[in-house]
1. Tilt of helix 87-132 relative to the longest C-alpha principal axis of the chain, in degrees (0 to 90, nearest 10)?
2. When the helices in the chain are scored as -39500 (n - 2.57) per DSSP H run of 4 or longer and the sum is shared across all residues, what 222 nm value do you end up with, to the nearest 500 deg cm²/dmol?
3. Could you work out how far apart the two model spin labels at residue 93 and residue 127 are, taking each label as a point 7 Å from the Cα in the direction of the beta carbon, and quote it in nm?
4. With +1 on each Lys and Arg Cβ and -1 on each Asp and Glu Cβ, and nothing else charged, work out how big the dipole of the chain is about its Cα centre, in Debye to the nearest 20.
5. For residue 64 and residue 34, compute 0.36 nm times the residue count separating them, minus their Cα-Cα distance, and round to one decimal in nm.
Amino acid sequence: MNRRESSAGQDLYSIAELADEFGISTRAIRFYESKGLLRPERVGNTRVFRRRDRARLNLILRGKRLGFSLKDVAEYLSLYEADTDMTAQNSLLLERVNGRLGELERQMGDLTATISELREIRQLAMERLTEGR
């Protein structure tokens, strides 16, 4: 990766570098920017992302991968800046994670029941085919 050091000692990233690193399109990054989740600086027409933006993008993508909505991610990120002792942020995270776990556990139960029913149907169909010969 071709990172440059700023005068403040923070790494700078181009939109293409972040897209390559995270395996997403530059369009996706611009979308997150349009939703206010990322706030890169501008040097002329060029977006300049800092370490903070990279960390936020990592959290956005992790939240997405875990099935959280962009609204949930935005709420979590907004607390990051306002909540200096991270109590509210961690409370919100715990609430959202518990909700998501419950949702996934219900889905897993539904999938297990569906798989079991499909296996029974398959078994019946195979038996009928065997009896018919």
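1. 30 degrees
2. Details: 5 runs with 91 residues, N = 133.
Computed mean residue ellipticity for the chain: -23000 deg cm²/dmol.
3. Between residue 93 and residue 127, the simple spin-label model gives 5.2 nm.
4. Computed charge dipole of the chain: roughly 540 debye.
5. 9.2 nm is the gain from fully extending residue 64 to residue 34.
Only the coordinates and a few stated rules stand behind these numbers; no lab work does. Source: prediction; values computed, not measured. Neighbour counts are summed over all protein chains in view; Cβ atoms, including those assigned to glycine, are modelled from backbone coordinates with ideal geometry.
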